[in-house]
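Quick note: the coordinates plus some simple rules give every number you see, no bench work behind them. All values derive from a computational prediction rather than experimental measurement. Note that each Cβ is placed from the backbone with ideal geometry, even for glycine, and that neighbours are counted across all protein chains shown.
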Amino acid sequence: MNLIQPIWLRYGLFYGLSSILLSLFIYYGYSTGLGMQFWIGMAIMILFLVFAGKAQKKENNDVLTYGEALKTTFLTGFTGTVISVLFTIIWINLVDPSLVEKMTEMAMEGARSMMEMFNMPEDQMAAAMEKAEEESLNAFTPLKQLLSIFQASIFTIIIAAIISIFLKKEEDINKIDINSLGNPS
């Protein structure tokens, strides 16, 4: 018996904690590029959405409608995102305000490498970098972070909808459960 019910809440908590640990590892341990951070985060999210959907299916005797799969996977992703964002807000504002500079640096490095990849002229790159730095510094205010939850929700619902297609399993209407028929008198 699991103490945390419903399933989406349990896996959402696991997803949120995993996202926090990944972030702390990247910020203070092994720094990766934003692209790599995105793909690792995406893999973790997909993993927990699939685990939650499979657990829900198992709880429902191997039956999971598309709607139930979507609800479970989306709420798992949404819960994890909220936990991760709230942790980031607290961490940046109360524990380590210097992290904003490090995150801005990481964003700037990513933006520069992308612009160089597309052979952007130096003068345009300098102007774009200046604007990107200003926007990046402002992106870590508590209000902007809270708004990022809603932006992430749109992304999460799309991923959850795709995953739910593969997780759904309708009940076989041709299968007769003899135990539910009742005894003839």
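For the chain, what does the helix formula give at 222 nm: sum of -39500 (n - 2.57) over DSSP H segments with n ≥ 4, over the residue count, nearest 500 deg cm²/dmol? Please report the intermediate quantities before stating the final value.
Numbers: 6 runs with 135 residues, N = 185.
Taking each H run of at least 4 residues, the total per residue is -25500 deg cm²/dmol.
Over region 1-90, what portion of Cα pair distances is larger than 17 Å, expressed as a whole percent? Roughly 50 percent, once rounded to a whole number.
Remark: the chain carries a charge dipole of roughly 820 debye about the Cα centre, counting +1 on each Lys and Arg Cβ and -1 on each Asp and Glu Cβ.
In the chain, a dipole from Cβ-located charges (positive for Lys and Arg, negative for Asp and Glu) runs towards its positive end, and of A127, T76, L147 it is T76 whose Cα lies farthest in that direction. Each Lys and Arg Cβ is given +1 and each Asp and Glu Cβ -1; about its Cα centre, region 1-77 then shows a dipole of about 40 debye. For region 102-161, a simple Cβ point-charge model (Lys and Arg +1, Asp and Glu -1, everything else neutral) yields a dipole of about 380 debye relative to the Cα centre.
The fraction of all Cα pairs in region 6-156 landing in successive 5 Å bins from 0 to the largest distance is 2, 9, 15, 18, 17, 13, 10, 7, 5, 2, 1, 0, 0, given as whole percents. Check cross-link reach from K71 to the lysines: straight Cα distance under 29 Å, and skip same-chain residues fewer than eight apart. Straight-distance partners of K71: K54, K57, K58, K144, K168, K169, K175.
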